[in-house]
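What follows is a set of notes on a single structure, which appears directly below.
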Amino acid sequence: MKRILIAGPLDIASQAFVRQLSENTKLSLTVYTPSEVTLPAGITDFTGETLDEGDLSAAMLDQDLVVALAPTIHLVETVKTVVTAAQAVAVPQILVNRTDDMEDLPGEVRTARQLLLTAGMPADLVEGFGSLDMLMGVAPAPVEADPLFDARFVG
């Protein structure tokens, strides 16, 4: 079973992603988020700030993969904290997902990529949950089609 920690603020899209992943019986999910959210049964959850290195390290213990969710404006700070915490507890792999499409801070993105390149473990910066699925090597459970919704777009 692959153990995955998802760390960072969970917006509606992130919560949907977590719900889909939770249906994959080959995954053990842990969520570390700054605010309490309702999660599916079977997910271990911690409430804490992503930039709190000590608490984040504790949440990372025994994880195979850490997925950090970060807005561009806090990207460099988040990457520094996640890399340091992951190194402290020997996490094998880190993925950082930008949670917005802000293009006004290319220096933040470049610096974050450089930090991940020198992390000493497989690490990558991605945009979008489709990219995460591919790099995580897992797929969320398929979403059931809604016949009423789908019928509106036929023909």
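Taken together, the values in this text are just the output of simple stated rules run on the coordinates, not laboratory data. Just so it is clear, the structure is predicted and the values come from calculations on it, not from any experiment. For neighbour counting, all protein chains shown are included, and Cβ atoms are generated from backbone atoms with ideal geometry for every residue, glycine included.
By the combined test of axial Cα extent (at least 20 Å) and Kyte-Doolittle hydropathy (mean at least -1.0), the qualifying DSSP H helices of the chain come to 75-89. Normalised size of the chain, defined as Cα radius of gyration per 2.2 N^0.38 Å with N residues, equals 1.07.
Quick one: Debye curve from the alpha-carbon atoms of the stretch 6-79 only, equal weights, vacuum; give me log10 I(q)/I(0) at q = 0.16, 0.20, 0.24, 0.28 Å⁻¹ to two decimals. Values, matching the q order: -0.54, -0.85, -1.21, -1.53.
Put in order of Cβ neighbour count within 10 Å, fewest first, the listed residues L115, L56 become L115, L56.
Taking 0.36 nm per residue of separation and subtracting the Cα-Cα distance, full extension of the segment from V89 to R19 would add 22.5 nm.
When the helices of the chain are scored as -39500 (n - 2.57) per DSSP H run of n ≥ 4 and the total is divided over every residue, the value at 222 nm lands at -11000 deg cm²/dmol.
Rounded to the nearest 20 debye, the dipole magnitude of the chain is 460 debye, with +1 charges on Lys and Arg beta carbons, -1 on Asp and Glu beta carbons, and the Cα centre as origin. Let me have the relative contact order for the stretch 2-151, percent, based on Cα pairs under 8 Å that are six or more residues apart. This gives 23 percent for the stretch 2-151.
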